[in-house]
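Worksheet: one structure, shown below.
No lab work stands behind these numbers, since they all come straight from the coordinates. Owing to the predicted nature of the structure, the values given are computational and were not obtained by experimental measurement. For neighbour counting, all protein chains shown are included, and Cβ atoms are generated from backbone atoms with ideal geometry for every residue, glycine included.
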Amino acid sequence: MSTISTTLTRRTALLGALGATTALAAGALPATTAHAAAPMLGATKPTVYRFKLGGFEVTTILDGAIQLKVPHPIFGQDQTLEDVQKLAAANFLPTEQMAISFSPVVVNTGTELVLFDSGNGAGRRPNAGALLALLASAGYSADQIDVVVVTHFHPDHIGGLMEGGAAAFPNARYVTGQVEYDFWSPVDKASGPTERVGKLVQANVVPLAAKMSFIGDNQDVVSGITAVGAFGHTPGHLAFHVESEGKRLMITADAANHYVVSLQRPEWHVRFDMDKAGAVSARKKLFGMIAADKIPFTGYHMPFPNVGYVEPMGAGFRYVPAGYQLDLG
């Protein structure tokens, strides 16, 4: 008999003996009444992620998500439906559905608590707009926010600035781009093609103008947080470079709105980008720098917890979600 046959025979005999023993033991036990199955609880995912960045603490908060139909023509507006679906399928994504999430960022410098963007605001979307409650679950209260930075004025970024007709962050001062404010704040932007955003700017941003500071490229919010011009998505869209004790992070806001399409194909047009060519240029420049410097970034619409890296991939970039790099002491 071969060695393999002998081994299989011994394994079969051993498993048979174990099965007989188990059956005898089971037969010796009294019959029990079967319990009902546990109820279905529904899908869930974490909503808060915090990590150290030098002497700073950075917290990303998931302010909900929306589900949409086929990515095209929101993404790849200048491409064919088939090409967009092919890219999605190649990255294990559905071709007929997509989700877009929203993630404000909190940076605790040790002396100031800085919030980047205010989320959707209560009541604007059925599955988003609970930033104040989420802040509490992260260990913060609204009145602890010292600075609110507004990267740009799209509704999912300014919707939570006012709640119930009052400032949602009563003790905060506000920082935003001068170019962005100058474009959106005139009253005539509240009518015509810019009406939807312009009306919300009049309701949520303009009333806070007296407490606002207006900055541009390469100007500081606080020590260690510097604006980076990334115009195109909106006229004055800003990203932010964060640095503490030699550790760096880029807050890219909406420079890229999708972790596959906008990064692997940065030249593809996106419906949300007001200046298509400007947005393409900003994407390539910003993520080219992030890739070259090998630093992490957090993007407002990246998959939660919204922190990762990019590496060059053809004419674009490949998104690499952060693993445990940022969790190490």
Top mean-square fluctuation among LEU131, LEU208, LEU161, Gaussian network model of the chain, C-alpha springs under 10 Å?
LEU208
Note the angle between two axes, namely the Cα long axis of helix 3-28 and the longest principal axis of the Cα atoms of the chain, as a number of degrees from 0 to 90, rounded to the nearest 10.
90 degrees
What net charge do the residues around GLY246 carry, taking every other residue with its C-beta under 14 Å from that of GLY246, with Lys and Arg at +1 and Asp and Glu at -1?
+1
So, in Å, what gap is there between the alpha-carbon centers of the stretch 233-293 and the stretch 144-169?
22 Å
Pop out the ³J(HN,Hα) list for the stretch 249-263 in order, Karplus 6.51 cos²θ - 1.76 cosθ + 1.60 with θ = phi - 60°, rounded to Hz; leave Gly and Pro as x.
8, 10, 9, 9, 6, 10, 4, 10, 9, 8, 6, 9, 4, 6, 9
For a test of the definition: using alpha carbon positions, the gyration tensor, and the 1.5 limit on a/c, classify the stretch 42-90 as rounded, prolate or oblate.
prolate
When THR80, THR60, THR44, THR151 are ranked with the fewest other C-beta atoms within 10 Å first, the list becomes THR44, THR80, THR60, THR151
Hz values of 3J(HN,Hα) by residue in the stretch 137-154 - Karplus curve (6.51, -1.76, 1.60), Gly and Pro given as x:
5, 7, x, 10, 10, 4, 6, 7, 5, 8, 9, 10, 9, 10, 5, 6, 9, 5
Cut-off 10 angstrom, C-alpha nodes, Gaussian network model of the chain. Which of MET289, MET162, MET302 fluctuates the most?
MET289
Which aspartates and glutamates, on any chain, are close to LYS86 with Cα under 13 Å apart, when same-chain ones fewer than 8 places away are left out?
GLU96
Gyration tensor on Cα atoms of the chain, a ≥ b ≥ c root eigenvalues, a/c under 1.5 rounded, else prolate if a/b beats b/c, else oblate, says prolate
Pull out a ≥ b ≥ c, the square roots of the eigenvalues of the alpha-carbon gyration tensor of the stretch 90-159, then state rounded if a/c is under 1.5, prolate if not and a/b is larger than b/c, and oblate in the remaining case.
prolate
Of ASN120, ASN91, ASN218, the most mobile residue in a GNM of the chain (C-alpha springs, cutoff 10 Å) is ASN91
To the nearest 10 degrees, how steeply does helix 195-204 sit against the main Cα axis of the chain, on a 0 to 90 scale?
80 degrees
Positive dipole terminus of the chain, leading residue within LEU263, ASN218, ALA88 (C-beta point charges):
ALA88
To make sure I understand, if each residue's beta carbon is the centre and we count other beta carbons within 10 Å, what order do HIS72, HIS233 fall in, fewest to most?
HIS72, HIS233
Modelled label-to-label distance, GLN97 and ASP293, 7 Å Cα→beta-carbon offset: nm?
3.8 nm
Cα-centre dipole for the chain with unit charges at Cβ (Lys and Arg positive, Asp and Glu negative), debye to 20:
1040 debye
Nonlocal amide H pairs with MET162, under 5 Å, H built at 1.01 Å
ALA168
What is the angle, in °, between the Cα long axis of helix 276-293 and the longest principal axis of the Cα atoms in the chain? Nearest 10 is fine, range 0 to 90.
60 degrees
Write down the Å³ per residue value for the convex hull defined by the alpha carbon atoms of the stretch 25-175.
257 Å³
